[in-house]
Structure formats: structure tokens, C-alpha cells
Amino acid sequence: MTGPAGIRRDDSPDEPRRARLARTFDEDAELYDRARPGYPPQLYDGLAGLAGVRPGSRVLEVGCGTGQATVVLAARGCRITAVEAGPHMAAIARRNLAAATEAEAEVVTARFESWPLPSEPYDVVVSATAFHWIDPAVRVTKAAEALRPGGALAVVRGQHVRGGTEEFFADVQRCYERFDPETPPGLRPPATADVDASDHVREVAPSGRFGPTVLRRYEQDLTFTTSGYLELLRTFSGHRALPEAARNGLLGCVAALIDGRYGGSVTKRYLFELAVSHRR
């Protein structure tokens, strides 16, 4: 079930479905690098203020993708080890980091679950829109083991919320209902105030390894041309998992709607959620 224009959040997909969907990102890493937007500058300021991310910080990034956050953190003077399971994604992250000649950054191709932690602990563990793809039986405890006492786990999650070209996201639902039969009728982006962040808090608290979780939220409106929006949709795991005929039909329907009724561009509102927990 894909949801309208990528509304769906695969926050806790089951195995083996979780692992299967996670692998789809590496199938076209160049597209992912080109189409996926970065994070708002205020979020990095939040990482500095809440998690203590500053020049010289020893940072472990879990699931770096093609390096959208890695490059920014490196430019801010962090010493980074970035772990990425997808070999194609990791290769592009190395390429993107190569331009930052003074950066102290290493990209490791490995699954975080099985990657052996180094003996020296980290100041911060960061995971930007990737933590939910890590095995839930491992991710919190291993993040704690990677940190020094007082170090911070900083998890970023992104979600499409109400705003932007709202009428389009109502109209496009008909495309999803036509080409993806698992789409529930009437699905709409939630309002920011209705987004529940407590699932992450409930996961971290029982571990006993962290203090209270502090949450911050950042909204960002991004405008896409028809072609840019289709490229974005093609990076979503739920869209990629559709049968080819259904996926092509869906993308064609979305394109016709944007071009025919919305003048060739739409605006999507993102909510980025930063959750920071300090190791006891």
C-alpha cells in the first residue's frame, strides 16, 4: 500500500518485507541522490544545540544513503564514520564527500546490525530517515553501545503533512486507488499537530540506556516540476515495490494530473522530526 503521493510511512515494516523494501533504494542510487531533497538548515542547528554536534565531534551515522546529511556534517567539522548497507549508495556517498577535501569522513559498506563497533566510542549517533529500516531488536541497544556516557542518539524522521498544494494531494488519491488496490479510500496527509511521535519515545525508554527524549519539529515546503516529482516518487520503496505495469500507470496518471490541472508543478510540505536521547 503506497498511499497518496508517498504519504505512507514504512516506519516499522515487518521482516522479510522490511529488508526487501530497504534494498530497493540501492537499485537506482543515482536517482535517489538526484531526486531526494536534503534537510532544512534549522535541523542541523538543532543537532548542534540538542545533540552537541560541533566541530571535532566523533559522529557515527547509521544509514547515510548517498550522503545528504553526511556532507553537511562533514562541512561543519565533524569526524564521521558513516555506515551504509547499499553498495551503490555508499559509493555515491564517497563521491559526494570527495569534494569536501578537509573532511574527516569514512563511508563503510555494511549492515549496521552486523558491523563490529570500534573500541573508541562516539559522541553522537545520527540516523537521518534511516533508523526505522534497522532491525528493531538491535538498533537502540547497539546505538547505546556505540556511544560514550552522555553521548547522544539523534534520529531524524520525515513525513509528508498537510500543506503545500493541498488540492492536488486530494485529487491524486484517485490515481492511487486505481493502480494500487491496497490504498485505503480517502487517505490524506495528516496535519502536523496530528502526527504522533510517541512510538520512538516508547522504543527508546524501555531500553534503560537513555535519558528522556527531546523532540523538535521543522517544516519545509518544496516545489517540484512534473518530472522532478515523478523522479521523487520513483525513489519511494512502496512505489518501487509495485508491479511494473501498475507503477507505470500510476506515474502516468500523476503526471497527467500535474500537467493538466496544476500547471506543471506542485508543492509538498515535509515535517522533519528530530528526536535526541542522551546515553545514561
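Brief remarks on what is shown
- Just one residue in the set 242, 215, 222, 274 is among the hydrophobic types (A, V, I, L, M, F, W, C) and more than 30 Å from residue 137 (Cα to Cα); that residue is 222.
- Number of positions in segment 52-77 that are touching a Gly at 6+ places or on another chain (Cβ under 7 Å) and either within 23 Å of residue 25 (Cα to Cα) or not in a loop (DSSP other than H, G, I, E, B) (or both): 1
- Selected residue [touching a Ser or Thr at 6+ places or on another chain (Cβ under 8 Å) and closer than 27 Å to residue 220 by Cβ] from 129, 183, 192: 183
- Some residue of segment 210-227 being touching a Pro at 6+ places or on another chain (Cβ under 7 Å), within 26 Å of residue 44 (Cβ to Cβ), crowded, with 16+ Cβ neighbours inside 10 Å and hydrophobic (A, V, I, L, M, F, W, C): yes
- Unique match (being of a type in the set (Asp, Glu) and within 22 Å of the chain's Cα centre (by Cα)) among 171, 123: 123
- Scan of segment 231-253 for residues that are modelled with pLDDT of 95 or more, out of contact with any Phe, Trp or Tyr (no Cβ under 7 Å at 6 or more places or on another chain) and of a type in the set (A, V, I, L, M), ordered by number: 233, 245, 251
- Flag if residue 210 is among the aromatic types (Phe, Trp, Tyr), more than 28 Å from residue 167 (Cβ to Cβ) and in contact with a helix residue (DSSP H, G or I) (Cβ under 9 Å, 6 or more places away or on another chain): yes
Condition check ((1) of a type in the set (S, T, N, Q); (2) closer than 27 Å to residue 251 by Cβ; (3) touching a residue at least 24 places away in the same chain (Cβ under 8 Å)) across all residues:
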| residue | (1), (2), (3) |
| --- | --- |
| 132 | no, yes, yes |
| 138 | no, no, yes |
| 143 | no, no, yes |
| 156 | no, no, yes |
| 162 | no, yes, yes |
| 192 | yes, no, yes |
| 219 | no, yes, yes |
| 223 | yes, yes, yes |
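- For residue 112, the conditions (1) of a type outside the set (Lys, Arg); (2) buried (at least 21 other Cβ atoms within 10 Å of the Cβ); (3) touching a strand residue (DSSP E or B) at 6+ places or on another chain (Cβ under 7 Å); (4) farther than 27 Å from residue 210 by Cβ are fulfilled apart from (4).
- Among the residues of segment 225-244, just one is closer than 18 Å to residue 29 by Cβ and touching a strand residue (DSSP E or B) at 6+ places or on another chain (Cβ under 7 Å), namely 232.
- Candidate set: segment 131-159, residues that are out of contact with any strand residue (DSSP E or B) (no Cβ under 6 Å at 6 or more places or on another chain) and buried (at least 16 other Cβ atoms within 10 Å of the Cβ); chosen: the one farthest from residue 279 (Cα to Cα): 133
- The residue of segment 70-99 that is nearest to residue 122 (Cα to Cα), among those that are surrounded by fewer than 21 Cβ atoms within 10 Å (Cβ to Cβ) and among the charged types (D, E, K, R), is 79.
- Residue pairs meeting the criteria (Cβ under 8 Å; at least 6 apart or on separate chains; first touching a residue at least 24 places away in the same chain (Cβ under 8 Å) and surrounded by 14 or more Cβ atoms within 10 Å (Cβ to Cβ), in segment 41-55; second hydroxyl-bearing (Ser, Thr, Tyr) and part of a helix (DSSP H, G or I)): 53/44
Here is a yes/no grid of residues against (1) assigned to a helix (DSSP H, G or I); (2) modelled with pLDDT under 95; (3) more than 30 Å from residue 49 (Cα to Cα):
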position	(1), (2), (3)
141	yes, no, no
145	yes, no, no
187	no, yes, yes
200	yes, yes, no
217	no, no, no
229	yes, no, yes
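The values are calculated or read from the model by the stated rules, or taken from the named source; none is laboratory data. Predicted, not measured: the structure shown is a model, and the values here were computed from it. As a convention, Cβ positions derive from the backbone with ideal geometry for all residues, glycine included, and neighbour counts pool all protein chains shown.
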